[in-house]
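Participant: First the structure, which I've put down as structure tokens, then a few questions once you've had a look.
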Amino acid sequence: MRLPTEKNSFHAQHSAVGAHSSFTLGMHGAPGGLALEKGQPADGAVYVGTIVNDQITVLPFFEHMNNSEIARFDHQNQPETCHDALTVLEAKDITRDYRFASDHFITDDIHFEVISPFGDLPDPSTADQATNKRAACPVVFAKLTVDNRQGKQTKTALFALGEHGCPMPIHEPGKFTGFLFGNGNLGFATDALVEPLQTFDLSKAKKPDGTQLVPRFGGSYGFMMAVAPGECREMHISLGTFRSGTATLGLEMPYWYTRFFTNLRDVLEYALEHKDWYYQQAAQRDTELEAATLSDAQKFLIAHASHSYYGSTQWFDDSGKPFWNVNEGEYRMHNTFDLTVDMLFYEMRYSPWTVKNVLETFIQRYSYYDEVRLPNSDTTYPGGISFTHDQGNHNNFSPEGYSSYEISGIDRRCFSYMTHEQLVNWICCTGVYVCQSQDRAFLTRHLKTVKDSYTSMLNRDHPDPTQRTGVMGCESSRCNGGGEITTYDSLDSSLGQARNNLYLAVKSWAAYLALAELFRQTDETVLAQQATASAKLCAATVMSKWDDVLGYIPAVFEDDNQSAIIPAIEGLVFPK
């Protein structure tokens, strides 16, 4: 998707699968770069461009360019910044082509491509060692092409990072050149024939005699590659992250990639050796989205969401078993269930084993049983199973049966419990997973949880079966006198209340249909009929709330609520 000039300035996360890392750039005049477990863009600089004689021309992928030499060493003789020595390209000079697994920045003589390969993620329990290693490698790529076929003097291709801290240069003659920084957790390397660059001031990349100073304190570092007149040369760069040892607390786990790689140097070298396979995988994704019968706007949204999704993923090693986690963006909450259900269909396309993995983690560690009460009553009745809002945050896993978010004693405000919503989320996710994967072993193994979930749905409607409407009418005892909320609590007051809420009513209808299908597949004929009847009852209740005067169904079925909410349609996506 070639973007108009006025729309080509925005950040994109270019991320390895399961590493919670990102090489972020694209917004003009903004910081970016390589980051690990940050939840937001790096606050460094990315310098991509050319040097001709003493003139440096770069893409605008930095906020400012401080001269660390004056700040730390030479106050008398250095200018405060090196902007004056640079020509920074403007938006009108750059064409951006944003795709599913790649991002292209094109000028008259530069083609800078960032490649974030992904595809069908193999089930680690059945994949062989080589396939697992290739899938888990925590790396993305950049490819810098400088075209000097029409030129009359040498151009020097430039790629460098700035303000990421002082690096450790690495060099294997005939293999690769690179830099490690961030205590060896971040780095990049190239297999091209380049001259390494490390300097305080990028404007001093080369002295007039063509040589350069390489102070080991320099905060800007990267590569220079000579491109003679008549030539067009490419520089392939692997950008990786690596965190060794235990990476989490609560559940102590290292990253899955540590099973196959010793350190970051190992990652960067392996990636360069196998770059053709990774490039081919990215090209397949680009072709796949381009061929889709979608509008350009829809393709853009899918590409952008995919980049950010992988930047939030973590693939851990739980005592030899894979553990999949998706962070909630900058909040970094683990496997937030009301987001898991949103990512469900994407993951079923590329990694159905991760859906099963998350669902089983909720069963085994993040489920609980409660009681329920009717509004304005202290009497409690049997409730049932439900699931936590999340599994922890910031690499810290919560105690069993509790999320990092939900707090008791709060009445329908931020941080209140979402007991009913997470119950229907587990049911809907399980229904889609079983129906699409045909994993009957999973269904057989967890049939008790499926049955318990149906009982829990009924109990949260009303303790008296004759008064049930198919819609949530009770509050969880975990609220400790307060009320439950929906995931949209902060958007509108009508979405803060879960009880008698249209959004959750439609999702409950979908959950009842999913339960009916799961019971049919396990020959639980009576339960299948009952779940179908529950779905019909729920649908009838929802339809009865249509308001001819308003012209829509109000968001909450009580207190003369007249709000209209778009999320009411979400439940419609789950049934066939």
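Every number in this text was worked out from the coordinates using simple rules, so none of it is lab data. What you are looking at is a predicted structure, and each value in this text was computed from that prediction instead of being measured.
Participant: Above 32 angstrom, tally the Cα pairs of segment 2-283 and express them as a % of all pairs, no decimals. Display every interim value, and only then the final one.
Facilitator: Numbers: 8922 of 39621 pairs.
So the portion of pairs separated by more than 32 Å is 23 percent.
Participant: Percent of Cα-Cα pairs per 10 Å bin, from 0 to the last occupied bin, for segment 399-556, please list those.
Facilitator: So the P(r) values, bin by bin, are 11, 37, 34, 16, 1, 0.
Participant: Output wanted: per-residue J couplings in Hz (rounded whole) for segment 526-535, from phi through Karplus 6.51 cos²θ - 1.76 cosθ + 1.60, θ = phi - 60°, x for Gly and Pro.
Facilitator: Running phi through 6.51 cos²θ - 1.76 cosθ + 1.60 with θ = phi - 60° gives 5, 5, 4, 5, 5, 5, 5, 5, 5, 5 Hz.
Participant: Ok, one more. Please turn the phi angles of segment 153-161 into ³J(HN,Hα) values with the Karplus equation 6.51 cos²θ - 1.76 cosθ + 1.60 (θ = phi - 60°), one per residue in order, whole Hz, x for glycine and proline.
Facilitator: Working through the residues one at a time gives 9, 5, 10, 10, 6, 10, 9, 7, 10 Hz.
Participant: Whole Å is fine, so just give me how far the alpha carbon centre of segment 234-304 lies from that of segment 481-511.
Facilitator: Segment 234-304 and segment 481-511 have Cα centres separated by 37 Å.
Participant: For Cα pairs less than 8 Å apart in space and 6+ apart in sequence, what is the mean separation divided by the residue count of segment 327-573, i.e. the relative contact order in percent?
Facilitator: Numbers: 477 pairs, mean separation 43.3, N = 247.
The normalised contact order for segment 327-573 reaches 18 percent.
Participant: Another question, if that's okay. Show the residues, 5+ positions off or on another chain, whose built amide H is closer than 5 Å to the amide H of SER563.
Facilitator: Those lying under 5 Å, H to H, from SER563 are ALA555, VAL556.
Participant: Right, something else. Tell me the volume per residue, in Å³, of the convex hull enclosing the alpha carbons of segment 166-324. Mind showing how you got there, number by number?
Facilitator: Working: hull volume 30.0 nm³, N = 159.
For segment 166-324, the hull spanned by Cα atoms encloses 189 Å³ per residue.
Participant: With the cut-off at 22 Å, report for segment 98-238 the share of all Cα pairs above it, as a whole percent. It would help to have the intermediate numbers written out before the result.
Facilitator: On the way: 4828 of 9870 pairs.
When every Cα pair of segment 98-238 is considered, 49 percent fall beyond 22 Å.
Participant: Counting DSSP beta bridges with both partners in segment 2-283, what percentage is antiparallel, nearest 5? Write down the numbers at each step before the final one.
Facilitator: Details: 74 of 77 bridges.
Percent antiparallel among DSSP bridges in segment 2-283 is about 95.
Participant: For segment 273-416, what mean projected area does the convex hull of the alpha carbons give, in nm²? Intermediate values should be presented prior to the final figure.
Facilitator: On the way: hull surface 49.8 nm².
Dividing the Cα hull surface by four gives the mean projection, 12.4 nm².
Participant: As an exercise, find the ratio Rg/Rh for the chain from alpha-carbon atoms, using the Kirkwood inverse-distance average for Rh. Show your work: numbers first, answer last.
Facilitator: Working: Rg = 27.4 Å, Rh = 26.1 Å.
Taking Rg over the Kirkwood Rh, I get 1.05.
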